[in-house]
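All remarks here apply to the structure that follows.
The values are calculated or read from the model by the stated rules, or taken from the named source; none is laboratory data. Just so you know, these numbers come straight off a predicted model, no measurement behind them. No Cβ is skipped: glycine too gets one built from the backbone with ideal geometry, and neighbour counts run over all protein chains shown. Side chains are part of the model used for accessible areas, which takes the heavy atoms of the whole protein and leaves out ligands, DNA and RNA. Shrake-Rupley method; radii C 1.70, N 1.55, O 1.52, S 1.80 Å.
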Amino acid sequence: MPVTANSIITPQAVRSANAVCTAAKTTYGDSTNAVKLLTPGANGSVLYGLKALPRATVTATQLQLYRSPDNGTTMYLINSALMAAYTMAQTTAAPVTDFGYSESTPLRVNSADTLWVGIGVALAGGIAFDAQVEDL
């Protein structure tokens with residue numbers, strides 16, 4: 001929706017964004033093996049949470065978050081987290097890795113940018129990313 005300069009913009013929609021990565025992303029400036037997580041709303045979005053969860057047994061793995069101003073042609077690594085090694089079992093809880101975003105420390109995303117995720121180590125079962133987002 002169009003906005004007026006110097007007017008407060010309140011959230012227009014609350015939604016989630018999800019992606020699953022399986023291939024190792026070992027380059028940090030292009031979209032090779034990255035998966036698009038988020039296309040923001042028309043006036044931008046605010047990311048209030050980003051977590052990752054393994055879907056299989058995993059070794060210690062770098063999790064990557066990228067911002068792209070041109071839908072994946074140019075990628076900027078803006079955050080990373082380390083997922084600890086874990087053996088998947090039906091009798092244990094799979095560990096959740098948090099990127100640290102919250103209502104008090106959100107990530108603001110320009111309407112022209114997209115967010116992408118990647119993993120440093122290939123995992124056939126994949127690592128699932130879950131984001132909580134408000135569109136402006």
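Quick check: anything in segment 65-73 crowded, with 21+ Cβ neighbours inside 10 Å and within 16 Å of Thr22 (Cα to Cα)? Yes: segment 65-73 contains one or more residues that are crowded, with 21+ Cβ neighbours inside 10 Å and within 16 Å of Thr22 (Cα to Cα).
Considering each residue of segment 47-73, count those that are of a type in the set (Val, Ile, Thr) and in contact with a strand residue (DSSP E or B) (Cβ under 6 Å, 6 or more places away or on another chain), and give that number. I'd like the intermediate steps shown before the answer.
Start the filter on segment 47-73 by keeping residues that are of a type in the set (Val, Ile, Thr), which leaves 57-59, 61, 73.
Filter once more, keeping what is in contact with a strand residue (DSSP E or B) (Cβ under 6 Å, 6 or more places away or on another chain): 58, 61.
Of the residues in that region, 2 qualify.
For segment 109-128, a residue qualifies if it is open to solvent by 20 Å² or more (accessible area, probe 1.4 Å), over 13 Å from Ser68 (Cα atoms) and within 13 Å of the chain's Cα centre (by Cα), and exactly one does: Ala128. When segment 89-101 is filtered for residues that are open to solvent by less than 40 Å² (accessible area, probe 1.4 Å) and either over 25 Å from Pro69 (Cα atoms) or among the small types (Gly, Ala, Ser) (or both), the ones remaining, listed by number, are Ala89, Ala94, Thr97.
Anything in segment 34-45 that is part of a strand (DSSP E or B), within 12 Å of the chain's Cα centre (by Cα) and buried (at least 17 other Cβ atoms within 10 Å of the Cβ)? List them, or say none. Write out each step before concluding.
Here is the first cut: in segment 34-45, the residues part of a strand (DSSP E or B) are 35-38, 45.
Still in the running and within 12 Å of the chain's Cα centre (by Cα): 35-38.
Passing the criteria: Val35, Leu37, Leu38.
Of the residues making up segment 59-73, one or more are within 28 Å of Asn43 (Cβ to Cβ) and of a type in the set (Gly, Ala, Ser).
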